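Every read-out reported here was derived from the displayed coordinates using simple, explicitly stated rules and does not represent laboratory data. Quick caveat: nothing in here was measured; it's all calculated off a predicted structure. Reconstructed Cβ throughout: ideal geometry from the backbone, glycine too, with neighbour counts over all protein chains shown.
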Amino acid sequence: MTGLRILEISNLTKSYGAVKAVNDVSIHIDRGEIAGLIGPNGSGKSTFFDCSTGLGRPDSGTVKLDGQDITGWSLNRIAREGRMLRSFQKTVVFKSLDIEENLIIAGQMFTFPSLFSTFGLGRLSRDRVSALRDRARELIKMAGLWDVRHQRAGNLSGGQQKLIQFASMLMPEPKLILLDEPMAGINPKIIERVVDTILYANKSLGVSFLIIEHNIDVVTSICQRVIVLDQGQKLVEGLPQDIINDQRVREAYLGG
Amino acid sequence: MSLTEVSQTQQSRDLRLPFGLVLLALALCAPLLASTYVVHALIIALIFMLPAHGLNLLVGYTGLLSLAQAAFFGIGAYASGLLAVTYGTPFYINVIASGLVAGALALPLGIPALRLRSTSFVMCTLGFVIIGQAIAKNWISLTRGDMGLSGIPKPHFALGPLSFTVSGTMAFYYLALAIGILATLAVWMIVRSPAGRNMIAIRENETLAESVGIPTWRYKLIVFMLSAAFAGVGGSLYAHYLTVVSPLTFQMYYSTTMLIIVLGGGAGTISGVVFGSLLFVGLTEALRVTPELRMIAYGLCLLVLVFWFKQGFAPVINRLWNFIGGAK
């Protein structure tokens, strides 16, 4: 069944010792939607992300991607077979490799049918890599990084590295992208480019998004729906403008 | 203006192909030019290059520091020795079998070991060498304990009526050179494949590699097995060269030598490993002139390496290569 919901997470719970970092949270993402996930520091956003994408294992609850139960799958399998990709706050690029290589790596496991086929050096293998290189170059152009495409990714600015990460995530034609604070620590000019890229991917490529973000202007301008977490629980969800005016959300942020 | 242009075009002539041919010619002529003792040292260097190549796949390309190479080297040596002494199988079967046995044994050893984090993994791989030696010493019915296996025949090739035994040092040199070149080509093919790119991604950042769909755990296991297979082939060659195998083949010293070759030569580069095996095995042989000071001098050389060549000799080789290639 290819329903309306691309991602459906039910009753997700994760504890560290006595602390319930995520407590019985249920959310869903509709096909083609850009949803925001906000909440004060320590509200469990990152743990929730990790448990939904296979980096951590939830204690209980289920994660369904496109109707398929993917609870307990590893990060690499969710990426490869589910085409649900995620970004990280800090680790963004393969630093000692150039931009083109970064993007080719990001696409390889989606082009090669098996692990053993990646050891091939034959015609087929070369053709696959050159197709990836073409796509990588297209995306590099789109991200406005053409002039620096042979630079080591680690030499570029934080904002440029984030752009590389976005381009990388578009290599495999993903269904759903989860972004962990994509705007943190980058300058306003690049924020605009990141926003443009997200909107382009959403409108032209049909990618759905779930975005953790502290920059409230960005959240209200691009998200169609916002979910608020507080102390490991879902506090409220709704339209962006309703959320900013919600008394409970204000109290949560102000620690009231 | 025109003068400088002329000198530049002269400078930028690409001499890499002729240079490579000269190196190959030197390698082919070495036994004719050098003394038997030097040729012996070169054979040892070529033998150690095999486990070093394997280790480079692991340390240099995948980012896993391992001290287990001597264990797989020993397994390869014993596998060949036992096959040759017990069943009388020819060299070319033993050498392949040794690679396969070492590679296959790396699977059950790698599954628990690779679950460990960096430092614990290193300690665990060190354990393999010690356990290997203990087994070789104490499983007397199979390995003859400290007596070891002797009378392993020199490589013998037979094709119909033609047969040839690789008995002399010079002949063995060519055999080791041929296997060394094949192994270098094999590493080159692995590294240049898309899998090689995935290995580098794992070395750079394992979590990020996972997030782009790379099954890092399975890659690490496969590379661990491949590196063991290279060591196994090296061990086999060692057994057939020395014609004896003893529990001392499982030696920590060998693991560190292989690691020094890789780190000193330049981890993550193929030329670095080739150069490193010649340099560091050559160095231990050359230092035999001062037996009392040998280890001290060796240690001093390593200190120099650590302080002045932090990335091994790879940057030096790279610069030389670019210079020969005519790049400015």
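Would you kindly state how much longer the chain becomes between B:L287 and B:L107 on full extension, computed as 0.36 nm times their sequence separation minus their alpha carbon distance, in nm to one decimal? Intermediate values should be presented prior to the final figure.
Numbers: separation 180, 0.36 × 180 = 64.80 nm, distance 3.79 nm.
Roughly 61.0 nm would be gained on extension.
Quick one: if you take sqrt(5λ) for each eigenvalue of the C-alpha gyration tensor of segment B:132-216, what semi-axes come out, biggest first, whole angstrom?
Working: eigenvalues 313, 127, 23 Å².
They are 40, 25, 11 Å, listed from largest to smallest.
Taking the alpha-carbon centroid of each part, what is the distance from segment B:132-194 to segment B:227-296 in angstrom?
Cα centroid to Cα centroid, the span is 15 Å.
Take every Cα-Cα pair in segment B:70-121 and report what % of them are more than 12 Å apart.
The proportion of pairs with Cα distances above 12 Å equals 65 percent.
If I take R0 = 41 Å and measure r between the Cβ atoms of B:I181 and A:Q68 in this structure, what FRET efficiency does the formula 1/(1 + (r/R0)^6) give, to the nearest 0.05?
That pair, B:I181 with A:Q68, gives E of 0.25.
About the Cα centre of segment A:93-172, how large is the charge dipole given +1 on each Lys and Arg Cβ and -1 on each Asp and Glu Cβ? Please answer in debye to the nearest 20.
Dipole magnitude for segment A:93-172 comes out near 40 debye.
Given a Förster distance of 56 Å, report the FRET efficiency between B:T165 and A:Y200 from their Cβ-Cβ distance, rounded to the nearest 0.05. Spell out each step's value before the answer.
Details: r = 70 Å, r/R0 = 1.25.
Efficiency computed from Cβ-Cβ geometry: 0.20.
Just the ratio, please: alpha-carbon radius of gyration of chain A over 2.2 N^0.38 Å, N its number of residues.
Dividing the Cα Rg of chain A by 2.2 N^0.38 Å gives 1.03.
Between A:E192 and A:I216, 0.36 nm times their residue separation minus their Cα-Cα distance comes to what?
This chain segment gains 7.2 nm when fully extended.
About its Cα centre, how strong a charge dipole does segment A:38-103 have in debye, to the nearest 20, once Lys and Arg get +1 and Asp and Glu get -1 at the Cβ?
Details: 9 positive and 8 negative charges, 36 e Å.
Result for segment A:38-103 is approximately 180 debye, rounded to the nearest 20.
Kindly provide the Kirkwood hydrodynamic radius of segment B:77-170 in Å, to one decimal, from all pairs of distinct alpha carbon atoms.
About 15.6 Å, per the Kirkwood formula over Cα pairs.
Along the positive direction of the dipole of the protein assembly as shown (beta-carbon charges: Lys, Arg +1; Asp, Glu -1; about the Cα centre), which of B:P291, A:V148, A:G61 reaches farthest?
Toward the positive end, the furthest listed residue is B:P291.
Given springs between every Cα pair under 10 Å in a Gaussian network model of chain B, which of B:V22, B:V273, B:V281 has the largest fluctuation?
Sorting by GNM fluctuation, first place goes to B:V22.
What are the principal axis extents of the Cα atoms in the protein assembly as shown, in Å, biggest first?
So the three principal-axis extents are 88, 77, 51 Å.
Would any residue of segment B:224-262 have its amide N under 20 Å from a label point 7 Å out along Cα→Cβ of B:H156? List them or say none.
Taking a point 7 Å out along Cα→Cβ of B:H156, the residues of segment B:224-262 whose backbone N falls under 20 Å are B:236-245.
Mind sorting A:T13, B:T86 by how few other Cβ atoms lie within 10 Å of their own Cβ, fewest first?
B:T86, A:T13
Convex hull over the alpha-carbon atoms of chain B: what's its volume per residue in Å³?
Hull volume normalised by residue count: 183 Å³.
If I model a spin label at A:Y253 and B:V22 as a point 7 Å from the Cα along the Cα→Cβ vector, what separation in nanometres do I get?
Result: 7.0 nm between the two label points.
Antiparallel DSSP bridges in the protein assembly as shown: what percent, to the nearest 5?
Roughly 65 percent of the DSSP beta bridges within the protein assembly as shown come out antiparallel.
Run the quick spin-label model on B:W321 and B:D146: label points 7 Å from Cα toward the beta carbon, then report their separation in nm to one decimal.
With each label placed 7 Å out from Cα toward Cβ, I get 4.7 nm.
Could you pull the Cα extents of segment B:29-81 along its three principal axes, largest to smallest, in whole Å?
Principal-axis extents of the Cα atoms in segment B:29-81, largest first: 40, 28, 13 Å.
How large is the convex hull of the C-alpha atoms of segment B:192-328 per residue, in Å³?
It is 177 Å³ per residue.
Are any of the pairs A:K64/A:K90; A:K162/A:K189; A:K95/B:K220; A:K64/A:K162; A:K175/A:K203 more than 22 Å apart by Cα-Cα distance, and if so, which?
A:K64/A:K90; A:K64/A:K162
Extension gain A:K141-A:E173, at 0.36 nm per residue separation less the Cα-Cα distance, in nm? Mind dumping the intermediate values first?
Numbers: separation 32, 0.36 × 32 = 11.52 nm, distance 1.69 nm.
Length gained, A:K141 through A:E173: 9.8 nm.
Hey, with R₀ at 41 Å, roughly what FRET efficiency would B:R192 and B:L302 work out to, going by the Cβ-Cβ distance, to 0.05?
0.85
In chain A, what % of DSSP beta bridges are antiparallel (nearest 5)? Don't skip to the end; give the middle numbers.
Details: 21 of 37 bridges.
Around 55 percent antiparallel, to the nearest 5.
Using just the Cα positions, wrap segment A:131-256 in a convex hull and report its mean projected area in square nanometres, one decimal place.
8.9 nm²
State the antiparallel share, in %, of DSSP beta bridges confined to segment A:113-256, rounding to the nearest 5.
Values: 5 of 10 bridges.
Close to 50 percent.
Most mobile of B:V233, B:V244, B:V306 per a Gaussian network model of chain B (Cα springs, under 10 Å)?
Result for chain B, Cα springs under 10 Å: B:V306 fluctuates most.
List the extent of the Cα atoms of segment A:93-172 along each of their three principal axes, largest first, rounded to whole Å.
36, 21, 18
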